[in-house]
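Values in this text are rule-based calculations from the coordinates and carry no lab data. From a predicted model like this one, the values you see are computed outputs, not experimental measurements. So basically every Cβ, Gly included, is an ideal-geometry build from the backbone, and we count neighbours across all protein chains shown.
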């Protein structure tokens, strides 16, 4: 079996785990958002649901998706992943609701579709770090 194809399938499997855990987290936080809409504005509802989702996502990414982390570095970097995602998401939410006239219940769904790739890449950096091809090649040689 070609080691390169094994590596690609491992990366693809990690992304599938990311999508599954993200789907569960999204369902939970979307329900929170819809419940909060009964009492609060969509911006406040989104913010509260978003913050709740960060704690869930950190745990799922550490334990289920990446199955590795950089210790305190991951803990310290991870909030920045979601700060960037939040700022991008609230901009998209504002554009879709205020500028495009989309219903407030549907705005977060557009946000999700547009932020998933960004969030995966940033989460991977927080948990795994940047591994150069040279570093990966050395680890493959050492494992032989």
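Given an 8 Å cut-off on Cα distances and at least 6 residues of separation, report the relative contact order of the range 3-131 as a percent. Walk me through the numbers before you get to the answer.
Values: 93 pairs, mean separation 35.4, N = 129.
It comes to 27 percent, rounded to a whole number.
Once you compute Rg and the Kirkwood Rh from C-alpha atoms, what is the Rg to Rh ratio for the range 11-82? Can you show the working numbers first?
On the way: Rg = 13.7 Å, Rh = 13.1 Å.
Radius of gyration relative to Kirkwood radius: 1.05.
Between residue 27 and residue 15, with labels modelled 7 Å along Cα→Cβ, what's the label distance in nm to one decimal, could you check? Taking the simple label geometry, residue 27 and residue 15 are separated by 2.3 nm.
Ellipsoid semi-axes for the range 3-131, based on the Cα gyration tensor and the rule √(5λ), read 28, 15, 13 Å when sorted largest first. Annotation: for a label point projected 7 angstrom from Cα along Cα→Cβ of residue 94, residues of the range 32-49 with backbone N closer than 18 Å are 41-48. Length gained on full extension, residue 87 to residue 118, computed as 0.36 nm times the residue gap minus the Cα-Cα distance: 9.9 nm. By other beta-carbon atoms within 10 Å, ranking 121, 72, 94 with the fewest at the front produces 72, 121, 94.
Cβ crowding within 10 Å ranks 111, 116 as 116, 111, fewest other Cβ atoms first.
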